[in-house]
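Structure first, commentary second.
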Amino acid sequence: MGTYLDYNASAPIDSRVLDYMIDVYRADFGNSDSRTHSFGNNARKVVEDARGKVAALLGRDKTEVFFTSGATESNNIALLGLKEYAEKTGKKHIITTTIEHKAILETAKQLQREGFEVDFVKPDIHGRISVNAVKQLVKENTLLVSIMHVNNETGIIQPVQEIGDFLSTKGVLFHIDATQSFGKLVTEIRDLHYNILSASAHKIGGPQGVGLLVLRKEKYKLPPVKNIMYGGKQEHGLRPGTLPVALIGGFGKACELAQEEHGINEEKCIKIKDIMLQLLRQSNVKYHINGDLEYGICNTLNVCFEGVSSEALMLASQDYCGVSNGSACNTTSYEPSFVLQSMGIPLDEIESSIRISWGADTDIDAVKESFAKMLMVAKGLA
């Protein structure tokens, strides 16, 4: 099967998380909103314990954490949930970027169709968004700025701290899609100015199917985000539906582990990145990195193998490495990366580019062997 190097799509579940979830499935199977018996109360304790662990990782109060099915749903709530407030205040201008996840881009386009004004900021050739470009677009009726902290295809860290600091002085809401940074850039996220934040469990060794939405209080008030679905009053009415207790418990366990181990995890990921870059330099394969390494997160590389079809490379080396050439969430068939297109990268280079992403549990020796084999394949295809 080779070495799995597509962690930005989904990370393997941590065995400690899985063990905890199995215990919950066996012992705490009640509905967490059933108040009339101990089964429901025990399930509720699992949920609230997890909420506390998520909040602790973020450095926030647990009353600001709301569970969802994942970052896609959280992103939809973050934008669509502000419609009522926008109509009341007349603030119907949104700023985002051309390199966001489809959950933001498609939602923003839907709001455009409903009469909202949306500005899409393009990155530079290195994949970074200009702080000044965002500043210049802010006006009196600006409702929200939504920016992904770390790009899921290039791993480029965006200047969300500078943007957040500026927006906090302008009374403009700031949403951060932290899907690729949550549990990794732990200290950085704690220091950010933001109003709303989205993330998923399965990017940090937690289970698929659960995520979070943080609504950060200002003067004891939550941001004016409303529910976009209807049903029960779970999650204080923000997100109806029976809570998946074991998934939420697993999310909490993953956050607990991230809080304890994020420092050593980063060191391991940096070591793997250094090994890959060294193997690339020694390979005699013509390549270049898409995005500025200075601003890259420690677990992601986007590499252009010049003159090599990425599709052919992935097919020929699938027994060695499991990599991708774009976001898993965009399409089930290949389309040139809209992220790389937005960066101004030529189409022939885009079609020669692959995304490589890993985690702290990636075996270093396996990486050395499998990545070296993939580079040999690339050399043969050039």
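Would you kindly identify the helices (runs of 4 or more DSSP H) lying entirely within region 308-382 that contain at least 2 residues that are surrounded by fewer than 16 Cβ atoms within 10 Å (Cβ to Cβ) and outside the structural domain of ILE156 (by TED's automatic domain parsing)?
In region 308-382, the matching helices (runs of 4 or more DSSP H) lie at 310-316, 347-350, 364-381.
Can you work out which of the residues in region 160-185 that are of a type outside the set (A, V, I, L, M, F, W, C) and in contact with a Ser or Thr (Cβ under 8 Å, 6 or more places away or on another chain) is surrounded by the most Cβ atoms within 10 Å (Cβ to Cβ)?
Among those residues, the one meeting the criterion is ASP177.
Suppose the filter is over 26 Å from the mean Cα position of the chain (by Cα), in the same structural domain as SER130 (by TED's automatic domain parsing) and of a type in the set (Lys, Arg); does LYS62 pass it?
No, not satisfied.
A quick yes/no check of all residues on (1) at pLDDT below 95; (2) of a type in the set (Lys, Arg):
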{"position": "THR3", "(1), (2)": "no, no"}
{"position": "THR36", "(1), (2)": "yes, no"}
{"position": "ARG60", "(1), (2)": "no, yes"}
{"position": "GLU73", "(1), (2)": "no, no"}
{"position": "ALA86", "(1), (2)": "no, no"}
{"position": "ILE94", "(1), (2)": "no, no"}
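Could you say whether any residue in region 239-249 is over 30 Å from LEU80 (Cβ atoms) and either buried (at least 18 other Cβ atoms within 10 Å of the Cβ) or not assigned by TED's automatic domain parsing to the domain that holds ASN325 (or both)?
Within region 239-249, not a single residue is over 30 Å from LEU80 (Cβ atoms) and either buried (at least 18 other Cβ atoms within 10 Å of the Cβ) or not assigned by TED's automatic domain parsing to the domain that holds ASN325 (or both).
Which members of region 25-80 meet the condition of being closer than 30 Å to GLU188 by Cα and either β-branched (Val, Ile, Thr) or free of Cβ contacts under 8 Å to residues at least 60 places away in the same chain (or both)?
LYS45, VAL46, VAL47, GLU48, VAL54, ALA55, LYS62, THR63, VAL65, THR68, THR72, ILE77
Can you pull out the residues in region 202-247 that are outside any helix (DSSP H, G or I), hydrophobic (A, V, I, L, M, F, W, C) and over 20 Å from ILE176 (Cα atoms)?
The answer is MET229, LEU243.
I'd like to verify a number: residues in region 7-34 that are out of contact with any Pro (no Cβ under 9 Å at 6 or more places or on another chain), under 15 Å from GLN208 (Cα atoms) and outside any helix (DSSP H, G or I), how many?
Counting residues in region 7-34 that are out of contact with any Pro (no Cβ under 9 Å at 6 or more places or on another chain), under 15 Å from GLN208 (Cα atoms) and outside any helix (DSSP H, G or I) gives 7.
I'm trying to understand the selection: among the residues of region 94-121, which are acidic (Asp, Glu) and over 19 Å from the mean Cα position of the chain (by Cα)?
GLU114, GLU117, ASP119
Taking GLU267 as the residue in question, decide whether it is modelled with pLDDT of 95 or more, within 30 Å of ASN42 (Cα to Cα) and out of contact with any Gly (no Cβ under 9 Å at 6 or more places or on another chain).
Answer is no for this residue.
Taking the condition small (Gly, Ala, Ser), touching a strand residue (DSSP E or B) at 6+ places or on another chain (Cβ under 7 Å) and in the same structural domain as PRO224 (by TED's automatic domain parsing), does ALA133 pass?
In short, yes.
Return the only residue of GLU106, GLU100, GLU114 being in contact (Cβ under 8 Å) with a residue 40 or more places away in the chain and either under 30 Å from GLY209 (Cα atoms) or hydrophobic (A, V, I, L, M, F, W, C) (or both).
GLU100
Is it the case that GLY232 is assigned by TED's automatic domain parsing to the domain that holds VAL54 and surrounded by 19 or more Cβ atoms within 10 Å (Cβ to Cβ)?
For GLY232, the condition - assigned by TED's automatic domain parsing to the domain that holds VAL54 and surrounded by 19 or more Cβ atoms within 10 Å (Cβ to Cβ) - is not met.
Could you please find all residues in region 162-177 being touching a helix residue (DSSP H, G or I) at 6+ places or on another chain (Cβ under 7 Å) and without any contact (Cβ under 8 Å) to a residue 40 or more places away in the chain?
Within region 162-177, GLU162, ILE163, PHE166, PHE174, ILE176 meet the criteria.
The values are calculated or read from the model by the stated rules, or taken from the named source; none is laboratory data. A quick note: this is a predicted structure, and the numbers were derived from the prediction, not measured. Glycine gets a Cβ as well: all are built from the backbone with ideal geometry, and neighbour counts include every protein chain shown.
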